[in-house]
1. Looking at the range 244-258, can you tell me whether even one residue there is surrounded by fewer than 23 Cβ atoms within 10 Å (Cβ to Cβ), under 20 Å from residue 139 (Cα atoms) and without any contact (Cβ under 8 Å) to a residue 40 or more places away in the chain?
2. Which of the residues spanning the range 305-326 are over 23 Å from residue 96 (Cα atoms) and either surrounded by 13 or more Cβ atoms within 10 Å (Cβ to Cβ) or within 23 Å of the chain's Cα centre (by Cα) (or both)?
3. Can you tell me how many residues in the range 168-197 are assigned to a helix (DSSP H, G or I) and at pLDDT 70 or above?
4. Which residue out of 258, 231, 284 is at pLDDT 90 or above and closer than 17 Å to residue 160 by Cβ?
5. How many residues, within the range 105-121, are over 20 Å from the mean Cα position of the chain (by Cα) and crowded, with 20+ Cβ neighbours inside 10 Å?
6. Residues 149, 137: which one is in contact with a helix residue (DSSP H, G or I) (Cβ under 8 Å, 6 or more places away or on another chain), within 21 Å of residue 253 (Cβ to Cβ), touching a residue at least 60 places away in the same chain (Cβ under 8 Å) and surrounded by fewer than 16 Cβ atoms within 10 Å (Cβ to Cβ)?
7. Going by the conditions given, is residue 302 surrounded by fewer than 23 Cβ atoms within 10 Å (Cβ to Cβ), at pLDDT below 95 and under 19 Å from residue 76 (Cβ atoms)?
């Protein structure tokens, strides 16, 4: 490649370069579009079930699928480069509580609704999970020893696959049938759950024995320990009923694992979200954006998103109230 071609390529990459603040603006815009649809357009009391409003709202919600994966990606980036992780965690939990009333008002019309908690709680738990990962990485373990946490990791993989991965896979399959106009429905009888746990446990033991001869035991144990930490985060998010719940935590964990390969990080997170719901497949479009991420922070406006989240939710709630009264 001659010099002119090299310079042209460099200029092209520079023109398409995206920093952290630009990604955050894209995510905030997608989130706003999504929430306008969720709070206003697809609300039956507002749209009167008019097909035009319903269909427009559905397309807007598709666009909104870009938001959460970008915020997760930036959370991992921020975690790796922040100077004070404890302060980062305190900031997230503070805004989680600050945002809860606007979140409940916007999505339920109630000041307090414990049915679902806002996304800041999910991000906070995800940050705690990554702190657990870093703690495990810093510890020296006996490479010949199969630790108790590794055993717990195998159990965690068993429960996650039995109660999250398999049910969500069936749900995604049913959603696919529905999308193609089929009324077919695959269900999992409650009576099979006990046997399912045993089968999953045996499968994971077989997987462990199969890969233990190829992967160093110490590295394999670390992976299982990380699975256990992820499981704790998933359980906490499920109990608290946070937005995106356990799938949000698994998304953050997957992005952390692939943090040095940013496009793969986004693809892994998008895959997990798609397992949660087929509409999340639009998150894969983010891989194209991340390809042009330059790793720079951009504008130092740290609190813009933090305040934007509760403020825009409260404003959308007020707009919805005004429309209903008009």
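The values are calculated or read from the model by the stated rules, or taken from the named source; none is laboratory data. These figures come from a predicted structure and were not determined experimentally. For neighbour counting, all protein chains shown are included, and Cβ atoms are generated from backbone atoms with ideal geometry for every residue, glycine included.
1. yes
2. Initially, the range 305-326 is screened for residues over 23 Å from residue 96 (Cα atoms), giving 321-326.
323, the sole residue that qualifies.
3. Initial filter on the range 168-197 (assigned to a helix (DSSP H, G or I)): 168-179, 190-197.
Now restrict to residues that are at pLDDT 70 or above: 168-179.
Total satisfying the criteria: 12.
4. On the way: 258 fails: closer than 17 Å to residue 160 by Cβ; 284 fails: closer than 17 Å to residue 160 by Cβ.
Only one candidate passes the filter, namely 231.
5. Restricting attention to the range 105-121, the residues satisfying the condition of being over 20 Å from the mean Cα position of the chain (by Cα) are 105-106, 108-114.
Subsequent filtering for residues that are crowded, with 20+ Cβ neighbours inside 10 Å retains 105-106.
Number satisfying all stated conditions: 2.
6. Working: 149 fails: surrounded by fewer than 16 Cβ atoms within 10 Å (Cβ to Cβ).
Residue meeting the stated conditions: 137.
7. Working: surrounded by fewer than 23 Cβ atoms within 10 Å (Cβ to Cβ): yes; at pLDDT below 95: yes; under 19 Å from residue 76 (Cβ atoms): yes.
Yes: the conditions hold for residue 302.
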